[in-house]
Amino acid sequence: MNTAKGFVVFNNIKLPISASIQEALSVAKKRALRLGISGEVKSYTVYKRSIDARRKDNILFVYSIAARGDYKLPDAAALSSVDASVQSDGSLPDFAFGDERMSCPPVVVGTGPAGLFAALLLAEYGYKPVVLERGGSVAERQEAYRKFTKERILCEDTNIQFGAGGAGTFSDGKLVTRIGDPLSSYVLSRLTELGAPREILYTARPHIGTDILASVVDAAIGEIERLGGRVLFNTKYISHKESLGKVSSVKTSRGEIECGALILAVGHSARDTYKMLIEGGTDIIPKDFSVGMRIEHLRSDIDSAM
Ligand SMILES: Cc1cc2nc3c(=O)[nH]c(=O)nc-3n(C[C@H](O)[C@H](O)[C@H](O)COP(=O)(O)OP(=O)(O)OC[C@H]3O[C@@H](n4cnc5c(N)ncnc54)[C@H](O)[C@@H]3O)c2cc1C
C-alpha cells in the first residue's frame, strides 16, 4: 500500500453509446470491490469520457471513473490488475512563504490565463495584487473586435491578442494544455467554479465555448477584485526599477506604481515589451515550442491506397 495523496481512477470502461453513466459507474464499483477499497470509497464520478469510433458499426464511449474516499492507495500491481491508475487530488502544492512582510503589493502584468491564475492565487492567499492590462475589459474588447472586423480599424492595445483574458478570449476555448501536469485538475475545477461547464472535468477534449469563456474571464477578474486585488485595464507596463536586487516600482502608461514583486505574464504577442526588456538588460530564456505539419492528399489518392 502507498499513502501518497490522490485517488484511484478505473480506466478503459468501454460501453455502447446507448449505455448510461450509471452502467459505467457500476463497472467501476465492481473493480473497486476486487481492489479491496469499495468500503472506503465515498463517491464515484466520471473522470474522463471519450469516443472510440474506429469501428463505425460499434461506436463506444470509453469512460474513466474516479473513486474518491479515505483509503490507502493500492500498489502498482494491484492497480494494473483492474486497469486502474492513481491521479493527483488536484490540491495545490505546499508553497514556500517568505518571512518578511512585503512593503507593497505584488504587480502582475497581463490578464491572459497565466496572469489571471497568478493574480487569482495571490488574491486567494491575501496578497491583494495589482494587475496591469494594456488592453480593455471584455466589453471594450468586443467593441474593438467588431470595429476591426467590420470597419478595419485596429486598436493597438485592445484587440484580438490584447485585453481581458489574453490571446484566447475569442477562441472557442479548447483547453488543449492538459498534459498530465498535477495542477491541471486544480485549474479545471477553478474554471468550473468561475462558470465553465462541469464537463471540462472529465471530457477527453475539454472545451468551454466562446460565449462562456468571456463570462469566465469576467468572473475571474471579479473574484480578484472581491478578494482585494485591483485590475487596471488600459494600463501598459513600460519598465521597472530595481533596488537592492528587488523590483521596487513599475512605470506604466498611466504613472508609476510601487511594487513588492513583479510577475510578467505578457504572452508571446507583446513584442514591444520583450524589446524593452531586452534593451533594459533583462535575461530572457526562450522556451521550447512545437511545430505541426499538415499534409493534404486528394481523396481519390487516399481511396486508391486503401
Ligand atoms: C485566435 C486564437 C485562438 C486560440 N485558441 C486556443 C484554444 O482554443 N485553446 C488553447 O489552449 N489555446 C488557444 N490559443 C492560444 C492561447 O490563447 C495562448 O496559449 C494563451 O493565451 C497564452 O496565455 P498567456 O497568459 O501566456 O498570454 P496571453 O494570453 O497572450 O496574455 C498576455 C496578456 O498580457 C497583456 N500584455 C502584454 N504586454 C503588456 C504590457 N506591456 N502591459 C500590460 N499588459 C500587457 C496582453 O494584453 C494580454 O492580455 C489561441 C490563441 C489565439 C490567438
Long-range amide H partners of Tyr47 with built H, under 5 Å: Ser64, Ile65, Ala66
Spatially proximal lysines relative to Lys42 (Cα-Cα < 21 Å; intrachain offsets below 8 disregarded): Lys5, Lys29, Lys30, Lys72
Exposure rank, largest accessible area first [Tyr237, Tyr47, Tyr125; 1.4 Å]: Tyr125, Tyr47, Tyr237
Accessible area (Å², 1.4 Å probe, nearest 10) - Cys155: 60
With all protein chains modelled, accessible area of Asp283 [1.4 Å, Å²]: 140
Table column - 3J(HN,Hα) (Hz), region 63-74, Karplus curve with 6.51, -1.76, 1.60, x for Gly and Pro: 9, 10, 10, 8, 10, 9, x, 9, 10, 6, 5, x
Which listed pairs, of Lys236/Lys275; Lys48/Lys287; Lys14/Lys56, have C-alpha distances above 20 Å, in listed order: Lys48/Lys287
Lys241 accessible area, 1.4 Å probe, all protein chains in place, Å² to nearest 10: 110
Farthest toward positive dipole pole in the chain [+1 Lys/Arg, -1 Asp/Glu at C-beta], among Ala84, Val46, Leu25: Leu25
Debye-sum result for region 86-190 in log10 I(q)/I(0), which assumes one identical scatterer on each alpha carbon, at q = 0.17, 0.21, 0.22, 0.23 Å⁻¹: -0.91, -1.12, -1.17, -1.21
Difference of contour (0.36 nm per residue) and Cα-Cα distance, Ala219 to Ser50: 57.9 nm
Choice from Phe162, Phe61, Phe95 showing the highest fluctuation, given a GNM over the chain with Cα pairs closer than 10 Å: Phe95
Within region 7-87: Cβ-based charge dipole about Cα centre, in debye rounded to nearest 20 (Lys, Arg +1; Asp, Glu -1): 160
Equivalent ellipsoid dimensions for region 1-133 as semi-axes, Å, which come from the Cα gyration tensor, largest first: 40, 22, 11
Highest-fluctuation residue, Gly166, Gly245, Gly229 considered, GNM on the chain with Cα pairs under 10 Å: Gly245
Rg(Cα)/(2.2 N^0.38 Å) for region 253-306, N = residue count: 2.24
Whole-number D in µm² s⁻¹ for the chain, Kirkwood Cα-pair radius fed into Stokes-Einstein, 37 °C, 0.692 mPa s: 145
Mean separation of Cα contacts under 8 Å, 6 or more apart, over the residue count of the chain: relative contact order %: 18
Among Gly110, Gly222, Gly165: highest mean-square fluctuation, GNM of the chain, C-alpha pairs under 10 Å: Gly222
Overall Cα dimensions of region 39-97 - principal axes, largest extent first, Å: 55, 30, 22
Overall form of region 113-250 per C-alpha gyration tensor (a/c, 1.5; a/b vs b/c): oblate
About the Cα centre, charge dipole magnitude for the chain (Lys/Arg +1, Asp/Glu -1 at Cβ), debye: 680
Sites Asp83 and Lys42 - FRET efficiency at Förster radius 22 Å, r taken between beta-carbons, to 0.05: 0.55
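The values are calculated or read from the model by the stated rules, or taken from the named source; none is laboratory data. Since we're looking at a predicted model, the values are computed, not measured. Note: ideal-geometry Cβ built from the backbone for every residue, glycine included; neighbour counts use all protein chains shown. SASA here: full protein model, heavy atoms, side chains in, ligands and nucleic acids out. Shrake-Rupley method; radii C 1.70, N 1.55, O 1.52, S 1.80 Å.
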